[in-house]
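One structure below.
Values in this text are rule-based calculations from the coordinates and carry no lab data. From a predicted model like this one, the values you see are computed outputs, not experimental measurements. Positions of Cβ are generated from backbone atoms using ideal geometry, with glycine treated the same way; all protein chains shown enter the neighbour counts.
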Amino acid sequence: MNSHQFVSQIQTWARELGFSQIGIAGVDLSTAEPGLSAWLAAGFHGGMHYMAAHGLKRARPAQLVPGTVSVITARMDYLPASTPAAPGQWQAMEWSRLQRPAEGIVSVYARGRDYHKVLRARLQKLAERIAQHVGPYGHRAFTDSAPVLEAELAARSGQGWRGKHTLVLSREAGSMFFLGEIYVDIALPASAPVSGHCGSCQACIDVCPTQAIVAPHRLDARRCISYLTIEHDGPIPLELRHLIGNRIYGCDDCQLICPWNKFAQRSALPDFDERQGMSGQQLTTLFAWSEEEFLHLTEGSPIRRIGHERWLRNIAVALGNALRAGVDGAADHAGMRASLQARASHPSEVVREHVVWALGG
């Protein structure tokens with residue numbers, strides 16, 4: 001079997017494991033280094049200090065894993081199987097959540113099982129299948145878990161192109177997918193990259209609630225709602241709180257508006273099916289969770305990684321925005337205020353401060 005046939009065989013094994021597409025990238029990412037350096041120098045990584053700590057190692061796979069000569073990239077679609085198939089219907093459903101400010105919005109990808117666990121386990125199985133064929137070899141699997149330029153590697157290996165929101169876009173699958181990689185010490189033929197197809201469209205730039213996409217292909221994470229609600233520790237900047245609305249974990253707006261996501265694919269795995277309670281829940285219900293309830297109800301979910309304190313912080317902001325939006329019904333209004341007041345003496349200074357803000361202080 002020649003190397004091209006071997007890659008074809010890897011793709012077959014990958015499909016059996018639930019992956020949607022496999023590509024191969026080389027390890028010379030030197031042309032990506034200036035952009036990475038400039039992004040870090042501008043401080044666009046915010047409080048993600050690990051981004052700066054690893055520096056250019058992200059663009060140097062053979063430095064991260066010595067001996068690496070090729071990178072196997074993998075795409076896994078994540079829309080739940082129950083997602084409506086009619087064109088535009090699932091996006092319309094997601095947009096409608098913004099019109100119900102008393103409900104909390106969790107990003108679509110986070111409503112099922114933690115993708116880190118799902119992808120890593122299946123990437124490891126794929127690596128083992130390869131070992132059964134070639135014998136012992138050097139490899140390491142990653143999914144959003146190490147200093148890896150995932151989107152760059154995915155684009156170079158033909159998974160898609162970088163959209164203006166910086167995410168990878170595919171003509172066959174939009175952007176609603178996860179990425180993973182296996183660094184290997186086996187020389188494999190690189191996949192052909194695909195050309196970009198955003199054209200003059202800048203819908204993602206225009207729709208961003210906080211204007212975090214400061215230029216095409218340039219994201220200031222410090223303004224991004226996904227960063228603010230997940231990665232950011234401490235108080236959320238005052239000037240951005242009212243723009244967050246009722247988004248309590250992540251934000252999908254730049255993906256919902258993207259025309260290419262009419263081709264977004266449903267997951268082949270049940271892991272990403274929506275867990276009960278992860279959408280359509282009242283903010284007051286979510287805000288009442290004790291830390292024990294939070295840990296129990298988010299077990300196996302990516303939400304658990306933010307911890308109870310950030311969870312309460314995020315919901316306090318959403319409750320404040322709901323009160324300012326003038327939610328219907330005096331009872332709802334009173335219930336929200338009572339819910340916030342019940343946390344007014346919370347041990348966390350961050351939670352207390354956001355509660356005071358939400359109550360209009």
- Query: Reachable aspartates and glutamates from residue 262, Cα under 16 Å, same-chain residues fewer than 8 places away excluded?
  - Reply: 77, 94, 172, 252, 253
- What is the range 1-112 by shape, rounded, prolate or oblate, if you read a ≥ b ≥ c off the alpha carbon gyration tensor as root eigenvalues and call it rounded for a/c under 1.5, prolate for a/b larger than b/c, and oblate otherwise? oblate
- Note on the structure: In this structure, the FRET efficiency calculated for residue 82 and residue 194 from their beta-carbon separation, with R0 = 35 Å, to the nearest 0.05, is 0.70
- Note on the structure: The answer for the per residue Cα convex hull volume of the range 213-361, in Å³, is 140 Å³
- Based on the Cα atoms of the range 162-251, what semi-axes does the equivalent ellipsoid have, where each is the square root of 5 times one gyration tensor eigenvalue, given in whole Å with the largest first? 30, 18, 11
- Mind telling me which of 80, 61, 235 comes out most flexible in a GNM of the chain, alpha-carbon contacts under 10 Å? 235
- Please state the Cα pair-distance histogram of the range 3-281 with 10 angstrom bins from zero: what percent is in each bin? 6, 28, 36, 23, 6, 1
- Would you mind giving the average projected area, over all directions, of the Cα convex hull of the range 220-285 in nm² with one decimal? 6.5 nm²
- Item | Local electrostatic count, residue 314, Cβ distance below 14 Å [Lys/Arg +1, Asp/Glu -1] | +2
- Query: Which of the lysines could a cross-linker bridge to residue 117, judged by Cα under 21 Å and excluding same-chain residues fewer than eight apart?
  - Reply: 125
- Message: Could you work out how much longer the chain between residue 48 and residue 292 gets when fully extended? Use 0.36 nm per residue separation minus the Cα distance between them, nm to one decimal.
- Response: 85.1 nm
- Message: Pick from 155, 127, 42 the residue whose mean-square fluctuation is largest in a GNM of the chain, springs joining Cα atoms under 10 Å.
- Response: 42
- Item | DSSP beta bridge pairing in the range 3-281, given as percent antiparallel to the nearest 5 | 90 percent
- Item | Cα pair count fraction exceeding 18 Å, expressed as % - the range 95-206 | 63 percent
- Message: Going by average Cβ density within 10 Å per residue, which order do the peptides 313-320, 249-256, 51-58, 146-153 take, highest to lowest?
- Response: 313-320, 249-256, 146-153, 51-58
- Task: For each of 39, 260, 95, count neighbouring Cβ atoms within 10 Å of the residue's Cβ, then give the residues from fewest to most.
- Result: 95, 39, 260
- Pulled fully out, how much extra length does the chain show between residue 116 and residue 304, if you take 0.36 nm times their separation in residues and subtract their Cα-Cα distance? 66.4 nm
- Sort 145, 170, 267 so that the residue with the fewest other Cβ atoms within 10 Å of its own Cβ comes first and the one with the most comes last. 145, 267, 170
- Taking the range 42-164, the equivalent ellipsoid from its C-alpha gyration tensor has semi-axes in Å, biggest first, of 33, 21, 14
- Task: Give the peptides 276-284, 197-205 in descending order of average Cβ contacts within 10 Å, highest first.
- Result: 276-284, 197-205
